[in-house]
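Readers should treat all values here as calculations from the given coordinates under stated rules, not as data from a laboratory. Nothing here was measured: the structure is a model prediction, and the numbers come from that model. Cβ coordinates were reconstructed from backbone atoms using ideal geometry, including for glycine residues, and neighbour counts include every protein chain displayed.
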Amino acid sequence: MLEKADLKTEISENDFKQQAKELKAALAALQQPIKQNKLPVIILFEGWGAAGKGSLISSLILNFDPRGFKVYSVTEPSEREKREPLLWRHWLNIPEQGKITVLDRSWYRDVSVARLEDPISDTENLRRMNDIKAFERQLTDSGYLIIKFFLHISKKEQKKRFEQLESSKNTQWRVTETDWKRNRRYEDYYRVFDEMLECTSTENAPWHVVSGMDKTAAELEVFRTVVVDCINAALKRQAKPAITDSPIDTGDSPLLPMPKLAEIPLDKTLDLKGYKPRLHELQDELSELHGKLYRKKVPVIIVYEGWDAAGKGGNIRRVAQALDPRGYEVIPIAAPDREEAARHYLWRFWKSLPKDGHIAIFDRSWYGRVMVERIEGFCTEEDWRRAYREINEFEEQLHDWGAVIIKFWLQIDKDEQLKRFQERQNTPSKQWKITDEDWRNRSKWEEYETAVNDMLQNTSTKFAPWHIIESQDKKYGRIQTLEIITDAIRKRF
């Protein structure tokens, strides 16, 4: 892509003033329709050192109301960020609906300069680029607009600008020894930049290579691309027709065969005499494994889903009893709040990932997208059909990070649920556990069963399999989950 860029682009001062005035007025008028249409916008700048990214960003944001945008300067990851999944810190900074995020460098550092400066293999670099493409596709599929600029200058021009910066005491700090090393290896960096651009320029998030040789011409090109080619086009774009009969896309993740819920036997029981010793034995083992997880810096993510009154709370308590309270967190998931609902649905789960060596227990999870949100109409059919692939990609990235992922569906039959509902309703100390929503969900049992079967079939992967827990007998279910957890952690080591 770089060889096609015209580095000779220039513009006269008069032409610049006339065009800039019109484009700046158009930029200033954009934020209100962006807000009204709830369009989240990400504008990112990559490019050569001294190509003019900083001055271009400064010129761009002067046209925006500061209440409607944020600028992030992406530097090398901190020690904490290095221990998180590759895209973790970038997910945290995505804008909410109707706002703009401007990035001075971005996630592309990890597949460009890092390629030459960190020990990254070709295989790892390809995996990273695929993760980035998945990240950008997930955002744009849910309504985000991503505008990507690469500012291109020649080796000779870069050297000239470095020398100019170094000639003044006020600016010499801006040129580092790393900058000079990159200039001397310009051809090597050219190759990795070009490969990055070719691989990650997609229909949903294309690259715009801009000549930075003439800063005024670059400014006009960026303004015109942002206003005319991208934001105005996104605001005018017609909504796509709803997808109602297309096959479900689960991505490239290897799926495991799963039984239907109706095929699960629920006749297993465990008496108190057999339950107590086994419970303590497994809790002791898990306690020891928790210390090893912390020492080895291995994160664990445990997901609990299941029918209302299936015993998730009691099951989670028996697991938590074995853990050091400083090293785990139980994360109850309810309806998203205003801030969460204004972003991609996975944002709040990226925010809640455990530190390495810690355990996160999700009491309900991102699977609400393909269950309650599907059944209750909180998202479109296109949204939940697309979610299977997005969830598989999310969990695969967590697995590649090094996390142990354990997913439980707690299964009971409809009669047992009714019995537990009535017990809660008739016991004063348990009445808070039963709500009108529980009864409403029960009336849709068959719809939920269909959705759960689809979820199990489309998201049980080799790296994050589903485990259906027979929870008709709560004691049996608790032992089952503890055995699976300890076994999964042992296998990780």
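Would you mind pulling out the separation of the Cα centroids of region 323-379 and region 451-493, in Å?
Computed from Cα coordinates, the inter-centre distance equals 18 Å.
Can you give me the long-range amide H partners of residue 328? Hydrogens built in the peptide plane at 1.01 Å from N, cutoff under 5 Å, separation of 5 or more residues or another chain.
Sorted by chain and number, the residues that satisfy this are 359.
Residue 195 to residue 463: FRET efficiency via 1/(1 + (r/R0)^6), r the Cβ-Cβ distance, R0 41 Å, to the nearest 0.05?
The computed FRET efficiency comes out at 0.90.
Starting at the first residue of region 247-258, write each ³J(HN,Hα) from the Karplus equation 6.51 cos²θ - 1.76 cosθ + 1.60 with θ = phi - 60°, in whole Hz, x for Gly and Pro.
x, 6, 9, 9, x, 9, 5, x, 9, 9, x, 10
For region 221-325, which chymotrypsin sites (Phe, Trp or Tyr not before Pro) are in a loop by DSSP, counting at most 13 other Cβ atoms within 10 Å?
The qualifying sites: there are none.
Using a Förster distance of 51 angstrom, determine the FRET efficiency expected from the C-beta separation of residue 491 and residue 181, and round it to 0.05.
0.70
Whole-Hz Karplus ³J(HN,Hα) for region 359-374, in order, using 6.51 cos²θ - 1.76 cosθ + 1.60 and θ = phi - 60°, x for Gly and Pro?
10, 10, 10, 9, 8, 6, 7, 5, 6, x, 4, 9, 10, 4, 5, 5
Order these peptides, 206-212, 24-30, by their mean beta-carbon neighbour count within 10 angstrom, highest first.
Ranking the peptides 206-212, 24-30 by packing returns 206-212, 24-30.
Just flag the trypsin sites (Lys or Arg not before Pro) in region 251-306 sitting in loop per DSSP whose Cβ has no more than 16 other Cβ atoms within 10 Å.
Those that pass, being in a loop and sparsely packed, are 260, 268, 297.
Compute the length gained on full extension between residue 67 and residue 168: take 0.36 nm times their separation in residues and subtract their Cα-Cα distance, giving the result in nm to one decimal.
Here the answer is 32.9 nm.
What whole number of Å gives the distance from the Cα centroid of region 400-441 to the Cα centroid of region 109-146?
The distance from the Cα centre of region 109-146 to that of region 400-441 comes to 40 Å.
Could you check the spin-label model distance between residue 38 and residue 376? Points 7 Å from the Cα along Cα→Cβ, value in nm.
1.6 nm
Can you compute the FRET efficiency between residue 215 and residue 123 using 1/(1 + (r/R0)^6), with r the Cβ-Cβ distance and R0 = 41 Å? Round to the nearest 0.05.
With a Förster radius of 41 Å, E is 0.60.
Restricting attention to region 66-166, which trypsin sites (Lys or Arg not before Pro) occupy a DSSP loop and are surrounded by at most 16 other Cβ atoms within 10 Å?
83
Step through the residues of region 435-448 one at a time and calculate ³J(HN,Hα) from phi using the Karplus curve (6.51 cos²θ - 1.76 cosθ + 1.60, θ = phi - 60°), rounding each to whole Hz and writing x for Gly and Pro.
Couplings: 10, 4, 5, 4, 5, 5, 5, 4, 5, 10, 3, 5, 5, 5 Hz.
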